[in-house]
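S.K.: One structure coming up, written as structure tokens, with questions to follow.
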Amino acid sequence: ENLTEIGWYAFSNCSSLESIIIPENITIIGCELFRYCSNLSSVILPNKISEIENAAFEGCQLLSNIELPNSITKIGTNAFYGCKQLIIDKLPEELLTIGHLSFGYCSSLIRMTIPKNVITIGSYAFSGCDSMKDITFSSSVTSIGQYAFQCNDLKNIYYSGTIESWCNISFGGVDANPFHHASHFYMLDEFNDWKEITEIEIP
């Protein structure tokens, strides 16, 4: 219970590990901490966690049961890459950064709400999430990396900002724009209901 730090790679490749409870005083899930723990299915994180570093859960193919505390501000590169059973539809409210390939090939994700404080979404962040159908953004996002939403079944983009704020997003290439993959774009109307955008007037 008094543990305050777990070193990088501490449980990497522990292929028989099935579940773990992280002590309350741990604040950072270090690089590759549970990488390729192929039978890990359940993780309980304390409410003090602030970062999930690079490749922390990469290749945990059975990981499905994990609740991400609202205290998390950063999800690093490859953090959940290849977690094929992972099902979450809402990220931590304090999150600022979603790293490159952080949820790449999480093929069970169906929808995702990007929290209102997120500024940066890295390249390939949700690439290969081929069950993903709906993504909701707020106007806080200013940068989206290339192929961030290369999802074969993506259909709907929900955006709570304005057309002007959407046009000011810095896209890392043509394929960075979710419109390159999705079919429908919705914004909030004067009644705070989602309305599909079918016309845009360019001044």
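Just so it is clear, none of the values below were taken in a lab; they were calculated from the coordinates. Just so we're clear, the structure is a prediction, and the values are computed from it rather than from any experiment. Glycine also receives a Cβ, built like all others from the backbone with ideal geometry; neighbour counts cover every protein chain displayed.
S.K.: Taking 0.36 nm per residue of separation and subtracting the Cα-Cα distance, what length does fully extending E24 through Q61 add?
M.R.: 10.8 nm
S.K.: Given the pairs K116/K195; K84/K195; K74/K195; K48/K133; K48/K155, which span a C-alpha to C-alpha distance of over 27 angstrom in this model?
M.R.: Violating the 27 Å Cα-Cα cut-off are K84/K195; K74/K195; K48/K133; K48/K155.
S.K.: Let me ask something additional. Considering Cα pairs under 8 angstrom that are at least six residues apart, work out the relative contact order of the chain and quote it in whole percent.
M.R.: It rounds to 11 percent for the chain.
S.K.: What net charge do the residues around K84 carry, taking every other residue with its C-beta under 13 Å from that of K84, with Lys and Arg at +1 and Asp and Glu at -1?
M.R.: -2
S.K.: Only bridges with both residues in region 136-203 count here: give the DSSP antiparallel percent, nearest 5. Write down the numbers at each step before the final one.
M.R.: Details: 3 of 11 bridges.
Bridges in region 136-203 that DSSP calls antiparallel: roughly 25 percent.
S.K.: Among G172, G104, G128, whose mean-square fluctuation peaks in a Gaussian network model of the chain (Cα, cutoff 10 Å)?
M.R.: Greatest mean-square fluctuation among the candidates belongs to G172.
S.K.: Note the full-extension length gain between A10 and E93 as 0.36 nm times their separation in residues minus their Cα-Cα distance, in nm to one decimal. Display every interim value, and only then the final one.
M.R.: Values: separation 83, 0.36 × 83 = 29.88 nm, distance 2.80 nm.
Result for the pair: 27.1 nm of gain on full extension.
S.K.: Same structure, new question: So which residue, out of D89, D153, D193, gets the largest mean-square fluctuation from a GNM of the chain using Cα contacts under 10 Å as springs?
M.R.: D193
S.K.: Given an 8 Å cut-off on Cα distances and at least 6 residues of separation, report the relative contact order of region 29-105 as a percent. Mind showing how you got there, number by number?
M.R.: Working: 218 pairs, mean separation 22.8, N = 77.
That works out to 30 percent.
S.K.: Also: Run lengths n ≥ 4 of DSSP H only: what is the helix-derived mean residue ellipticity at 222 nm for the chain, with -39500 (n - 2.57) per run over all residues, to the nearest 500?
M.R.: Computed ellipticity for the chain at 222 nm equals -500 deg cm²/dmol.
S.K.: So how much slack lies between S41 and I163, counting 0.36 nm per residue of separation and subtracting their Cα-Cα distance, in nm?
M.R.: Stretched fully, the S41-I163 segment lengthens by 39.8 nm.
S.K.: Which loop-located GluC sites (Glu not before Pro) does region 26-67 contain, where loop means any DSSP state but H, G, I, E or B and the Cβ has at most 15 other Cβ atoms within 10 Å?
M.R.: E67
S.K.: Mind listing P(r) for the chain? All alpha-carbon pairs, 10 Å bins, whole percents.
M.R.: 9, 36, 33, 16, 6, 1, 0
S.K.: Where in region 159-190 does the amide nitrogen come within less than 16 Å of the point 7 Å from the Cα of N152, taken along Cα to Cβ?
M.R.: Zone members listed by number: 181-182.
S.K.: Hey, another quick one. Provide Rg and Dmax in Å for region 53-117, with only Cα atoms included in the calculation.
M.R.: Calculated on Cα positions, Rg and Dmax stand at 10.7, 29 Å.
S.K.: Would you please give the FRET efficiency between F179 and Q85, computed as 1/(1 + (r/R0)^6) with r the Cβ-Cβ distance and R0 = 30 Å, to the nearest 0.05?
M.R.: After rounding to 0.05, the efficiency reads 0.55.
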